[in-house]
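K.L.:
Take a look at this one; I'll ask things after.
The values are calculated or read from the model by the stated rules, or taken from the named source; none is laboratory data. This is a predicted model, so every value here is computed, not measured. Here the Cβ positions follow ideal geometry from the backbone for every residue, glycine too, while neighbour counts run over all protein chains shown.
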Amino acid sequence: MSRPGVIDYVRGHHLLDDKVVVVTAAAGTGIGSAVAKRCLEEGAQVLISDWHERRLGETLDKLAAEHGAKVAAVTCDVTDEAQVQALIDTAVHTFGRLDVMINNAGLGGTRSVLEMTDDEWSRVLDVTLNGTFRCTRAALKQLIEQGTAGAIVNNASVIGWRSQAGQAHYAAAKAGVMALTRCAAADVAPHGIRVNAVAPSLAMHPFLAKVTSVELLTELTGREAFGRAAQPWEVANAMVFLASDYASYLTGEVLSVSSQHP
């Protein structure tokens, strides 16, 4: 039983039994690796991807030690359409089909609009928004070709709704992910395919701690009703729910995973 201030890891409940899931940006210790782990614990076969080959290999080794051949990996840069298509093709070749696409890849940074260059703006949008579009498009085409219902789960952010200094490029990209989610859901509803997103506020992991100042993390944590950041697996739980048949009547929705004060 959970107690105030204590987070108990939630065991698997077979929510994704026999489903094939692809997760982008799954290397390392963030939300991507957490959702890959949760999907495996829920009974899925999972193909993880990332652009960073070494970290991807380390993550695969860790997951395979517990889940064996139910997990595989392939490098993928979501800014490259050919690599995105190869990712989907690898899932089908390895596991026979695709059921769920989890688009976690994103790129941030902190820069005032006054100082932001065109290249900085474009790079964040190309990874975070355009990358989600490329992966969504490729996954939807595969699901329609299979003639099966499936689910897309995108990783947005509360910054798509709320302002934060230095985050114009990231906020614009995440707001775009939200709009893409809603419109893509309408496009493929006749095929029985669901497209949803999560919008986390603050999920703490080592990489975030490395690239964010202590002062900003303290400020952001102070906005949370629980007085702490989410653990990556808590965000992953919401993504698993949207991927599962428990969310069978949800599409075009953006689910806030946040305890922020209004």
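K.L.:
Note down all Cβ pairs under 9 Å where the first residue falls in the range 5-29 and is at negative phi and among the polar types (S, T, N, Q), the second is assigned to a loop (DSSP other than H, G, I, E, B) and modelled with pLDDT under 90, and they're at least six residues apart or on different chains.
P.N.:
Sorted first by the residue in the range 5-29, then by its partner, the pairs are 29/205.
K.L.:
Further question on the same structure: Name the residue, out of 46, 35, 10, 78, that is closer than 22 Å to residue 146 by Cα and among the β-branched types (Val, Ile, Thr).
P.N.:
After ruling out the rest, the residue left standing is 46.
K.L.:
Would you mind telling me which numbered condition in (1) buried (at least 16 other Cβ atoms within 10 Å of the Cβ); (2) under 20 Å from residue 40 (Cβ atoms) residue 85 fails?
P.N.:
Result: residue 85 fails condition (2) only.
K.L.:
Given the criterion surrounded by 24 or more Cβ atoms within 10 Å (Cβ to Cβ) and of a type in the set (Gly, Ala, Ser), identify the matching residue among 157, 112.
P.N.:
Working: 112 fails: surrounded by 24 or more Cβ atoms within 10 Å (Cβ to Cβ).
Unique residue meeting the criteria: 157.
K.L.:
All but one of (1) touching a strand residue (DSSP E or B) at 6+ places or on another chain (Cβ under 8 Å); (2) under 25 Å from residue 231 (Cβ atoms) hold for residue 12, so report the exception by its number.
P.N.:
(1)
K.L.:
A further question on this structure: Kindly provide the set of residues from the range 69-114 that are in contact with a Lys or Arg (Cβ under 7 Å, 6 or more places away or on another chain), outside any loop (DSSP other than H, G, I, E, B) and within 26 Å of residue 238 (Cβ to Cβ), ordered by number.
P.N.:
Of everything in the range 69-114, those that are in contact with a Lys or Arg (Cβ under 7 Å, 6 or more places away or on another chain), outside any loop (DSSP other than H, G, I, E, B) and within 26 Å of residue 238 (Cβ to Cβ) turn out to be 84, 100.
K.L.:
Just checking, how many residues over the range 163-175 are without any contact (Cβ under 8 Å) to a residue 24 or more places away in the chain and more than 23 Å from residue 196 (Cα to Cα)?
P.N.:
Residues flagged as without any contact (Cβ under 8 Å) to a residue 24 or more places away in the chain and more than 23 Å from residue 196 (Cα to Cα) within the range 163-175 amount to 1.
K.L.:
For residue 160, indicate whether it is on the phi > 0 side of the Ramachandran plot and touching a residue at least 24 places away in the same chain (Cβ under 8 Å).
P.N.:
Working: on the phi > 0 side of the Ramachandran plot: no; touching a residue at least 24 places away in the same chain (Cβ under 8 Å): yes.
Answer is no for this residue.
K.L.:
Among 25, 86, which is the only one that is farther than 19 Å from residue 154 by Cα, at pLDDT 95 or above and among the aliphatic types (A, V, I, L, M)? I'd like the intermediate steps shown before the answer.
P.N.:
Details: 25 fails: farther than 19 Å from residue 154 by Cα.
The match here is 86.
K.L.:
Now for a separate question. Is it the case that the range 138-151 has a residue that's free of Cβ contacts under 8 Å to residues at least 40 places away in the same chain and either within 17 Å of the chain's Cα centre (by Cα) or assigned to a loop (DSSP other than H, G, I, E, B) (or both)?
P.N.:
Checked the range 138-151: at least one residue is free of Cβ contacts under 8 Å to residues at least 40 places away in the same chain and either within 17 Å of the chain's Cα centre (by Cα) or assigned to a loop (DSSP other than H, G, I, E, B) (or both).
K.L.:
Output the residue which, of all residues in the range 229-245 that are outside any helix (DSSP H, G or I) and farther than 16 Å from residue 156 by Cβ, is modelled with the lowest pLDDT.
P.N.:
Checking each candidate, the answer is 229.
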